[in-house]
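Notes to accompany the following structure.
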Amino acid sequence: MCGIVAYVGPKDAAPILLEGLQRLEYRGYDSAGVVVSNKGLKLRKVKGRVADLAKVVPARFKGGLGIGHTRWATHGVPSDENAHPHLSADERIAVVHNGIIENAGELRAKLEADGVTFLSETDTEVLAHLIARAADENDSLEEAVRKTLKSVVGTYGIAVIDAERPGEVVVARNGSPIVVGIGEKEMFAASDVAALVRYTRQVVHLEDGELAVLKADGFHTFASDARETAKEPLTVDWDAGHYDTGGYEHYLLKEISEQPETMTRTMSGRLDERFHVAHLGGLNMDARETRSFRRVKIIGCGSAYYSGQIGAQLIEELARIPADAEPASEFRYRNPVVDPDTLYVAISQSGETYDTLAAVQELKRKGGRVIGIVNAVGSAIAREVDGGIYLHAGPEVSVASTKAFTSTSVAFALLALHLGRVRDLSPADGRRVVEGLRRLPGQIEEILAQGDKIAELAKKYADHPSMMFVGRVRGYPVAREGAQKLKEISYVHAEAYPASELKHGPLALIGPDMPTVAIVPDDELLDKNLTTLGEIRARGGRVLMVGHREPEAKLADDVIVIPKNEIELDPILLTIPLQLLAYYAAVALGRDVDKPRNLAKSVTVE
Ligand code: F6R
């Protein structure tokens, strides 16, 4: 959600913090601030973007210790006062915080009764005051932070500095990510490796309950009971170049265009042409165990959940195991019955989505067998699950998910093949799927080549206040994802329905003002889908059809024709034109494509 950066070392902290914040801005972006320690704490914070902050940070902001933050508001409106860092009343302690302090109201009331004046409406400011009090009574900042955190209920990733200890930063994690970056005689910390890769690729992820003390010459990590913990640094595969727009106007277009390569990486080394199987060593499961599951339950949030619906369909069709997907945010709250014969699959691009992580923890607590389909290596969900499939799609920077969505769908095809081939999926069908997967990247290139045409269509349809998306069975999650992409980046209202359900209610909405995007693949349901198009057109509705050929009768106003793959894999290709449609609609409407209003890239709060 929000972003944290911290630095301690021989260089000036301010430019490093600003650069890091810029890299994190995609995670949250309504206000930003930095504090640098140099004979006292020097603070600048503003409502607005990191670029606005950079304008008010003076060149004389010297000092080799500092922390910075980019915010996505939870407690209190976006404003200069509510922006982080927050200082204690004596301006000794500065804190930046991601997450939510649930007992902030109670803690604040006590502090106010003791005469503390608050300058912001945030939950975070209580931490600054409490740590300052504890720092007066303790010899180390580490101890002061530890003591304060004992009185706090909620989630946090925090970074703290003390004007009286100019050589150290203390960071701590509980439910909100903190990564320590190890440099040459300098140390970094951030909420996301994106802020670190320009300076170091050696990182350590903190676990929940851990705290770390960083000094220029090294770091120590501690469990909540103050025992020192041993951490093995991890080398990050991604470098700073992965976080550039690479000459594209927006990250979103770059990420849509990268899909031939990203899905090739997801498949790389995992397809076996000899036995027509998928090798998924990360699952940590032998054939006997792989055969033993009687159900598959998939959980994830937002687009990850929709890709889970595509996954459930693939698993049912190829492996003939009953499978379904559910939003992790719902699953975790309904006291789910956890079945020992079910394989649970958690999906997350970021690996940090709090609802998905909490659902995984609930499953594990009840003895469920959980695997992950995750993009961010070393992330909280990746560490929590029993095994899994990494996407290797590279960092996804634009808030709207695209390449992670298609890579997840490909990972599900691999999983379905794997589960299917230890059961009844024949070698011939296995070969059909393997060959189909191999064809996907080239076919995506063909769809991307239609970008100009789709841009024209997007302009034509973007000025409608509302759009309907429909699809049947395999096409329904595609429709849901198409509607999600359109609404989140263009702010055009979009609703997705199973095509079969239209006549049971939503047909009442159809008319000239509400065009329909219809997913009509060339499969066994083609005729049914064409009937639905006829029903829409009979009510004056306009139709933009996405499918494999022009319908014979004039059933659609516009058609995007895409290459055909195996019917089970077609949903992956059908998604691509809808990503482009949403992108070009957002551009036509002048939206902030990579940073849509009210959203943040990874949702690390409940
Ligand atoms: C939509 C989108 C979100 C995410 C969701 C889960 O474009 O990006 O709906 O898919 O917040 O995020 P991850 O996959 O990081 O768990």
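The values are calculated or read from the model by the stated rules, or taken from the named source; none is laboratory data. Since we're looking at a predicted model, the values are computed, not measured. When we count neighbours, we look across all protein chains shown, and the Cβ atoms used for this are built from the backbone with ideal geometry, even at glycine. Quick note on the areas: whole protein, heavy atoms, side chains included, nothing else; ligands and nucleic acids left out. Shrake-Rupley method; radii C 1.70, N 1.55, O 1.52, S 1.80 Å.
Below is a table of values for the structure above.
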{"quantity": "Looking only at region 363-377, and only at residues there that are touching a helix residue (DSSP H, G or I) at 6+ places or on another chain (Cβ under 8 Å) and either more than 10 Å from the ligand (Cβ to nearest atom) or without any contact (Cβ under 8 Å) to a residue 12 or more places away in the chain (or both), the one that is nearest to PRO336 (Cα to Cα)", "calculated": "LYS364"}
{"quantity": "Boolean, SER490 is buried (at least 22 other Cβ atoms within 10 Å of the Cβ), of a type in the set (Ser, Thr, Tyr) and either over 30 Å from ALA278 (Cβ atoms) or more than 16 Å from the ligand (Cβ to nearest atom) (or both)", "calculated": "yes"}
{"quantity": "Filtered residues of region 1-42 (kept if part of a strand (DSSP E or B) and open to solvent by 50 Å² or more (accessible area, probe 1.4 Å))", "calculated": "LYS42"}
{"quantity": "Flag for VAL170 being in contact with a helix residue (DSSP H, G or I) (Cβ under 6 Å, 6 or more places away or on another chain), within 30 Å of GLU606 (Cα to Cα) and not in a loop (DSSP other than H, G, I, E, B)", "calculated": "yes"}
{"quantity": "Only listed residue being charged (D, E, K, R), modelled with pLDDT of 90 or more, assigned to a helix (DSSP H, G or I) and open to solvent by less than 30 Å² (accessible area, probe 1.4 Å), chosen from ARG133, ARG146, ARG108", "calculated": "ARG146"}
{"quantity": "Spans of helices (runs of 4 or more DSSP H) in region 439-542 with at least 2 residues more than 23 Å from VAL561 (Cβ to Cβ)", "calculated": "475-490"}
{"quantity": "Pair list, Cβ under 6 Å, 6 or more apart: region 298-318 residue in the same structural domain as VAL399 (by the TED database) and within 15 Å of VAL410 (Cβ to Cβ), other residue more than 13 Å from the ligand (Cβ to nearest atom) and aromatic (Phe, Trp, Tyr)", "calculated": "GLY311/PHE412; LEU314/PHE412"}
{"quantity": "Residue ID - farthest from the ligand (Cβ to nearest atom), chosen from residues in region 326-362 that are open to solvent by 10 Å² or more (accessible area, probe 1.4 Å), β-branched (Val, Ile, Thr) and more than 14 Å from ALA304 (Cβ to Cβ)", "calculated": "VAL337"}
{"quantity": "Region 422-448 residues that are open to solvent by 40 Å² or more (accessible area, probe 1.4 Å), paired with ones that are assigned to a helix (DSSP H, G or I) (beta carbon under 6 Å, 6 or more apart)", "calculated": "ARG423/ALA319; GLU445/PRO260"}
{"quantity": "Scope region 373-408; condition polar (S, T, N, Q) and open to solvent by 10 Å² or more (accessible area, probe 1.4 Å); matching residues", "calculated": "SER401"}
{"quantity": "Considering residues of region 53-103 that are under 25 Å from the mean Cα position of the chain (by Cα) and among the hydroxyl-bearing types (Ser, Thr, Tyr) only, the residue most open to solvent (accessible area, probe 1.4 Å)", "calculated": "THR74"}
{"quantity": "Pair list, Cβ under 7 Å, 6 or more apart: region 109-131 residue among the small types (Gly, Ala, Ser), other residue part of a loop (DSSP other than H, G, I, E, B)", "calculated": "SER120/GLY76; SER120/GLU81; SER120/ASN82; ALA128/SER88"}
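Conditions tested, residue by residue: (1) in contact (Cβ under 8 Å) with a residue 24 or more places away in the chain; (2) open to solvent by 50 Å² or more (accessible area, probe 1.4 Å); (3) small (Gly, Ala, Ser); (4) not assigned by the TED database to the domain that holds ILE178.
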{"residue": "GLY511", "(1), (2), (3), (4)": "yes, no, yes, yes"}
{"residue": "LEU525", "(1), (2), (3), (4)": "yes, no, no, yes"}
{"residue": "GLU552", "(1), (2), (3), (4)": "no, yes, no, yes"}
{"residue": "THR575", "(1), (2), (3), (4)": "yes, no, no, yes"}
{"residue": "ALA582", "(1), (2), (3), (4)": "yes, no, yes, yes"}
